[in-house]
Structures are given as C-alpha cells and as structure tokens.
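Input: a single structure, listed below in structure tokens.
The values are calculated or read from the model by the stated rules, or taken from the named source; none is laboratory data. The structure displayed is predicted, hence computed values, not measured ones. Note that each Cβ is placed from the backbone with ideal geometry, even for glycine, and that neighbours are counted across all protein chains shown. Ligands, DNA and RNA are stripped out before the accessible areas are found, and what is left, the full protein with its side chains, is counted by its heavy atoms. Shrake-Rupley method; radii C 1.70, N 1.55, O 1.52, S 1.80 Å.
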Amino acid sequence: MTAVITDEKIPNNVDLAGDKRLQRALEAWQPKFIDWWKEMGPEGWQARDIYLRTAISVETDGWAHFDYVKMPDYRWGIFLEPKQEGRVHGFGDFAGQPVWDEVPGEFRNMLRRLVVTQGDTEPASVEQQRHLGATAPSLYDLRNLFQVNVEEGRHLWAMVYLLHTYFGRDGREEAEELLQRRSGDADKPRILGAFNEPTSHWLSFFMFTMFTDRDGKYQLAALAESGFDPLARTCRFMLTEEAHHMFVGESGVQRVVKRAAELMKSNGGDVRAQGGVDLPTIQKYLNLWYTLSLDLFGGEVSSNAADAFASGLKGRYKEDRYPEHKLIGSTFSMEILKDGKVVTEDIAMRNALNEVLRTEYIKDCQRGVDRWNKTLKDEGCDFVLKLPDHKFHRQIGMWSTTRYTPDGQMITAEEWAKRSGDWLPNQADEDYVKSLMKAVYEPGKMASWIAPPIKGINGLPETFEYVKP
Ligand SMILES: [Fe+2]
Ligand SMILES: [Fe+2]
C-alpha cells in the first residue's frame, strides 16, 4: 500500500505529489478551507492547545496519532483504504463486473449528487455546533466536541478530494460551494433539513451524535459498497473515525440518563430541583433527534434509491450479508399510506431501499436505547426510554402529510397541535435545558447534570487536562 507522506502541505496516501495539477488545485482550496474553519468552526478556542486524534494512515494498528494541537494547525489529510486488486461490483446491474476507477459517464450526475450531499453534511455539523464550546460540561467533553468537529472537517476533505480528482470543472465548483453554504442560512442553507437545525445545547449535541451521526454511518456504509471504487475506499476509512462520534453521543446521553436516575433517589426525586435533566425531558429530545434523523434516509418508495442501486453506486448496509445482490423480482414488506390508511404491502425491493437502510438504522438505534435502559435498571429506576414509531413527527416522505402519536396511532392535526408539546421539547423544556448549560473547565470536574465518563481518552485519566487554558 502507499506510504503516507506527512511533510507535505496536505498529508495523504494517494500520491498527491505524483499529480501536480491536482496537488496545485487542492493546495489552492486549502487556505479557503482554513478561512472557513476560522470563520465557522468552534468559536473562541482556535488558539488553544487541544488533545486531539489525527489520522495519519489507514493501518488498523496505528492509524491515529494523539497530541496537543491548535485546531487551525490540525493536519487534515486525504486517506483512502488500499485498493483491493480484482474487486468487482457487489450488487446491481453490473454485479460481478470489475469496479470502476473512473466515473462512468452515464452515471456522472447521480454520483456527483451523492458525493456533494454527503460532503455538505460534514461542514454543516461543524457550523451547527460552533457555539457549544462556551458551555461544555467538562474539559473531557469539550475535547470530544472538537475531536468530532476536526474529523467532520477531514470528511469534507475526503469528498472534496473526490470532486477535484474525478469531476473536472464542475467538481471544483461544487468544492467551492461546500464552503459557501451555511447551516440555517435563509439564502444559502445546507442541503438537508436536519443540518439546518441549530444544536443549541449539549443534550442536543449528544442526541445529534447518537442519532444523526448514525445516519451518517449508514449512508457511508452504503457508499462503502459502491462500484465506483475511489468512493468505496474513501467511505471505508471515514467509518473508522465515525465510530468515535457515535460513542460520544451514546455515552454522552448514557451519562445524562445515569445522573437523572441518581438524582431520582435523593431529595424526594425532583431531578430538576437538583440541577439534572429529568427522564421525560430526555425522552422528548430523543423523540426530536431520532425523527429528524429518520427523515435523512429519504422517501419510503424511491426511484432515486432504485437507480443508485441498479447503477452500482450505492448498496445496502453490509451487502455481503445478503444472499442475493440484483434484487429483481424480490419485494420488501413495509407500511405504506393508502387511501388515508396505514397498510402493510410488498414493495418492489429496489424501490424500497431507503426503507431497507432505515430499518437497519432503527435496529442499531434500538440497541443503543437498550443500553441506556440497562443503565436505568442498574440504578434501580423503572423508567424505560423508547424509540417512537417511525411514522411519528416525520417531515419528509410518506408520513409527513398525516400525524401520529409516538406509538404510531394516526391522529388529527388538531389533536397533534394540542399534544405535540408533551412529546417534543417545548419552549419551557428548551429554556430549562439551556439554563443548565454552564461551562465547567476544571480538569476532572463535571457539570451537575451529567455523570463522569467511565474512562478517559486514549488511556488517560478523566482528570487529564484535555484542553489547555
Ligand atoms: Fe462525518
Ligand atoms: Fe460524524
């Protein structure tokens, strides 16, 4: 495999020096990226030393390096998994034929749209989270926030590398636009809805990394199957970093849940009076971020999904596990809305692929929620957190035109208006959670509303100075 050259301007394992034109183009994009980072990245912490992980190769035993670094000096690099000789299309109409190293002309637009849509989410989340450094519950959490942020920056680099290398002039234009759109901006918003919602406090940050980053995992996993080999190799390595983001989310919520359960055992069990987030409020934020994330998988019955599969560009989650890879004549049994009623029907499998991926995602989310419920049980608390029904609070797709309770019963718009504040965070909940958000920057100390982590980063103690004053 290609060795990593780290003394260049752009660390990479793609022999960038061997393609002077590409190298010059990316070196010209680099200062624009740094300007974007300084303007839209974490506010107020750019001159501090942060204990961060940096990807330096794709070798499983030594891919990352940990040290203090100032964020604008972070070494954002380009890393693709090594090419597997003889790899063939694993699914779709080209199954069994050699994978492509160049963009196939007839699928160029579809492929570019997939790369741009994925690429756009990466800087969007950094923008959404840029104010959170002012209210971190501990230095450990502050560092994890910045770790997620710099790696989303690297994921932007990964997509920009593909655009510059394989899509000519329009690829370069798309790369510029990725730095120009802004999360939540009325005139030039980010492409997907959930990436325009502000992440206004740390409970939302943990829910975002639990549920929305997990959508990212499933999208990347589907693209990691791609018959366009450079995209597959890029996404495979991104998944290595992504695992930590979901750890931050799942363990973050777990610690908030644990703290709530602890506080329920003292002072008459009034969690809010003791500066915690009560479990019903946690459930509301779960409902919100889970459903915003379900929307990201796209329409339930989708010809775009069918086309992306047929053309070999986007597969299923872990395509290898399935016995059959062409999906002609097979069906998927799923709920659909027909004449105003919810019915279960068999849908042509290729058209159901968004729902197939969403179903895998839901199972993965449930495993995380089960672990939170285990924490509650261990604390002697009988409250059970639940994923709402997939039809609840949907804003995209088949379920967006009708209203449902969290357990999936259809209700009228009037009833929804009356009851939705019991199921989703209302202004009072948002104000309360925000009132808890006071920065704690003493090493090893935690805010009142969150339990300490089980262990520190990279084998270091929880009391380590993860961010220098
Ligand atoms: Fe990412
Ligand atoms: Fe992520």
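Assorted remarks:
- Number of positions in region 153-198 that are polar (S, T, N, Q), modelled with pLDDT of 95 or more and touching a helix residue (DSSP H, G or I) at 6+ places or on another chain (Cβ under 8 Å): 2
- The set of residues in region 394-425 being closer than 16 Å to P280 by Cα, without any contact (Cβ under 8 Å) to a residue 60 or more places away in the chain and surrounded by 13 or more Cβ atoms within 10 Å (Cβ to Cβ) consists of T405, R419, S420, G421.
- Residue tally, condition assigned to a loop (DSSP other than H, G, I, E, B) and either surrounded by 22 or more Cβ atoms within 10 Å (Cβ to Cβ) or within 16 Å of ligand 2 (Cβ to nearest atom) (or both), over region 104-127: 0
- Taken together, K438, K363, K374 contain a single residue that is more than 23 Å from the chain's Cα centre (by Cα) and not in a loop (DSSP other than H, G, I, E, B), which is K374.
- Beta carbons closer than 7 Å, at least 6 apart along the sequence or on distinct chains, pair a first residue in region 137-163 that is closer than 14 Å to W37 by Cβ and more than 14 Å from ligand 2 (Cβ to nearest atom) with a second that is among the hydrophobic types (A, V, I, L, M, F, W, C) and assigned to a helix (DSSP H, G or I) for V160/W29; V160/A175; V160/L178.
- Enumeration of residues in region 58-91 that are under 16 Å from Y161 (Cβ atoms) and assigned to a loop (DSSP other than H, G, I, E, B): V58, R75, W76, G77, F79, L80, E81, P82, K83
- Check on F208, surrounded by 24 or more Cβ atoms within 10 Å (Cβ to Cβ) and within 15 Å of ligand 2 (Cβ to nearest atom): yes
- Verdict on E262 being of a type in the set (D, E, K, R) and within 16 Å of ligand 2 (Cβ to nearest atom): no
- Checklist (1) of a type outside the set (F, W, Y); (2) surrounded by fewer than 22 Cβ atoms within 10 Å (Cβ to Cβ); (3) in a helix (DSSP H, G or I) applied to P189, failing item: (3)
- In the condition set (1) more than 24 Å from the chain's Cα centre (by Cα); (2) open to solvent by less than 40 Å² (accessible area, probe 1.4 Å); (3) of a type in the set (A, V, I, L, M, F, W, C), M40 is compliant with all but (1).
- Among the residues of region 355-411, those that are within 15 Å of L294 (Cβ to Cβ), out of contact with any Gly (no Cβ under 9 Å at 6 or more places or on another chain) and among the β-branched types (V, I, T) comprise V356, T359, I362, V369.
- Residue in region 166-179 that is open to solvent by less than 10 Å² (accessible area, probe 1.4 Å), closer than 14 Å to T117 by Cα, away from ligand 2 (no atom under 14 Å from the Cβ) and among the charged types (D, E, K, R) present: no
- Scanning region 13-46 for residues that are in contact with a His (Cβ under 8 Å, 6 or more places away or on another chain) and part of a helix (DSSP H, G or I) yields a count of 4.
- Restricting region 231-275 to residues that are within 14 Å of ligand 1 (Cβ to nearest atom) and small (G, A, S), the residue that is farthest from I454 (Cα to Cα): A243
- All positions within region 353-390 that are of a type in the set (K, R) and open to solvent by 10 Å² or more (accessible area, probe 1.4 Å): K363, R367, R371, K374, K377, K386
- The set of residues from region 262-278 being buried (at least 21 other Cβ atoms within 10 Å of the Cβ) and in a helix (DSSP H, G or I) comprises just one member, L263.
- Matching option when the condition is away from ligand 2 (no atom under 16 Å from the Cβ) and in contact with a Phe, Trp or Tyr (Cβ under 8 Å, 6 or more places away or on another chain), among Q254, Q274: Q254
- Only listed residue being out of contact with any Phe, Trp or Tyr (no Cβ under 6 Å at 6 or more places or on another chain), surrounded by 12 or more Cβ atoms within 10 Å (Cβ to Cβ) and touching a residue at least 24 places away in the same chain (Cβ under 8 Å), chosen from W100, W45, W76: W45
- So R130, is it modelled with pLDDT of 95 or more and either outside any helix (DSSP H, G or I) or among the β-branched types (V, I, T) (or both): yes
- Within the option set K434, K438, being in contact (Cβ under 8 Å) with a residue 40 or more places away in the chain and in contact with a His (Cβ under 7 Å, 6 or more places away or on another chain) holds for one residue only, K434.
- Selection status of A222, at pLDDT 95 or above and either touching a Cys at 6+ places or on another chain (Cβ under 9 Å) or within 13 Å of ligand 1 (Cβ to nearest atom) (or both): yes
- Members of region 223-242 found to be open to solvent by 10 Å² or more (accessible area, probe 1.4 Å) and either free of Cβ contacts under 8 Å to residues at least 24 places away in the same chain or not in a helix (DSSP H, G or I) (or both), listed by number: E225, L239
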